[in-house]
1. Mind checking whether some residue in region 80-94 is in contact with a helix residue (DSSP H, G or I) (Cβ under 8 Å, 6 or more places away or on another chain) and at pLDDT below 90?
2. Based on what the data block shows, is Ala100 within 30 Å of His177 (Cα to Cα), touching a residue at least 60 places away in the same chain (Cβ under 8 Å), surrounded by fewer than 16 Cβ atoms within 10 Å (Cβ to Cβ) and in contact with a helix residue (DSSP H, G or I) (Cβ under 9 Å, 6 or more places away or on another chain)?
3. What are the pairs with Cβ atoms under 6 angstrom where one residue, in region 8-23, is farther than 18 Å from Leu53 by Cβ and without any contact (Cβ under 8 Å) to a residue 60 or more places away in the chain and the other, located anywhere, is surrounded by fewer than 19 Cβ atoms within 10 Å (Cβ to Cβ) and of a type in the set (Lys, Arg)? Sequence gap at least six, or different chains.
4. Please go through (1) touching an Asp or Glu at 6+ places or on another chain (Cβ under 6 Å); (2) over 29 Å from Ala11 (Cβ atoms) for Ala130 and return the number of the only condition it doesn't satisfy.
5. State which residue is modelled with the lowest pLDDT when the search covers only region 5-18 and only residues that are touching a strand residue (DSSP E or B) at 6+ places or on another chain (Cβ under 9 Å) and surrounded by fewer than 19 Cβ atoms within 10 Å (Cβ to Cβ).
6. Determine the pairs where a residue that is over 14 Å from Ile146 (Cα atoms), located within region 157-177, has a partner that is in a helix (DSSP H, G or I) and among the basic types (Lys, Arg) with Cβ atoms under 8 Å apart, the partner being 6 or more residues away or on another chain.
7. Hey, Pro58 hits all of (1) at pLDDT 95 or above; (2) crowded, with 22+ Cβ neighbours inside 10 Å but one; which does it fall short on?
8. So which residues in region 9-65 are in a helix (DSSP H, G or I) and in contact with a helix residue (DSSP H, G or I) (Cβ under 6 Å, 6 or more places away or on another chain), if there are any at all?
Amino acid sequence: MDANATDLRVAVYTADPLTRAGLIDMLSRAAVLDVVPSARRGADVLVVAEDPLDHALPVLRRAVTEQGVLPGVLIAGPLPPDGHRSAAAAGVRCLLPYAAARAERLIAEVMTARTAALTSPRELAAGYDALVGAPERSALFDEREIRVLRLIAEGRDTAEIGAEMGYSQRTIKNILHRAQRRLALRNRAQAVAAAIRAGLI
């Protein structure tokens, strides 16, 4: 694929070639993502898949050594607290369990990672836990909030969402504001990303 000014260059690092091939296949479904050779510097975002049982994060360490600290998506097994700290220090914006690493979610997380603010170890752990714990997922957002976030993810503005749901624009803004405040999210993009991570969108 020819890179253009809007393409995101993604370097993929894995512990084994089969996982690497699968991740590259998933990422290639998005026209705006350009998978670059991992040995060459110049990536915008890292996608790293660790062995689920290896808490030392050797693949992430290799990626940072070769590419530098970049925004990243880490696919891994459960990590101890020092693993969350290491991941956050390495620029990881999202920690995905293997079971949640589907093409749509991975692409969304890569697109979000490029512009997302730094993520704390606690936020990484909470995001991961939300993905592996079904009862916690449904507690993140109520049904009305999920519907609003789905429409935002489709590119609708507040007026369009209000018209479709039968609410005023102010009500839609209040629904979003309450969810953002409750979950300590800074903006709509973070709210949509949280819903995607939780498998609600």
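1. First, pick out the residues of region 80-94 that are in contact with a helix residue (DSSP H, G or I) (Cβ under 8 Å, 6 or more places away or on another chain): 81, 84-88, 90-94.
Pick out the ones that are also at pLDDT below 90 and you get 81.
Yes, region 80-94 has at least one match.
2. Working: within 30 Å of His177 (Cα to Cα): yes; touching a residue at least 60 places away in the same chain (Cβ under 8 Å): yes; surrounded by fewer than 16 Cβ atoms within 10 Å (Cβ to Cβ): no; in contact with a helix residue (DSSP H, G or I) (Cβ under 9 Å, 6 or more places away or on another chain): yes.
So Ala100 fails the test.
3. Hits for this filter: Val12/Arg20.
4. (2)
5. We begin by selecting, within region 5-18, every residue touching a strand residue (DSSP E or B) at 6+ places or on another chain (Cβ under 9 Å); these are 7-16.
From what is left, the residues that are surrounded by fewer than 19 Cβ atoms within 10 Å (Cβ to Cβ) are 7, 9, 15-16.
On the way: Asp7: 84, Arg9: 94, Ala15: 89, Asp16: 91.
Within region 5-18, the match that is modelled with the lowest pLDDT is Asp7.
6. Pairs found: Thr158/Lys173.
7. Here Pro58 clears every test but (2).
8. Filtering region 9-65 for residues in a helix (DSSP H, G or I) gives 17-27, 58-65.
Across region 9-65, the qualifying residue is only Met26.
The values are calculated or read from the model by the stated rules, or taken from the named source; none is laboratory data. What you see is a predicted model; the values in this text were computed from it and never measured. Neighbour counts are summed over all protein chains in view; Cβ atoms, including those assigned to glycine, are modelled from backbone coordinates with ideal geometry.
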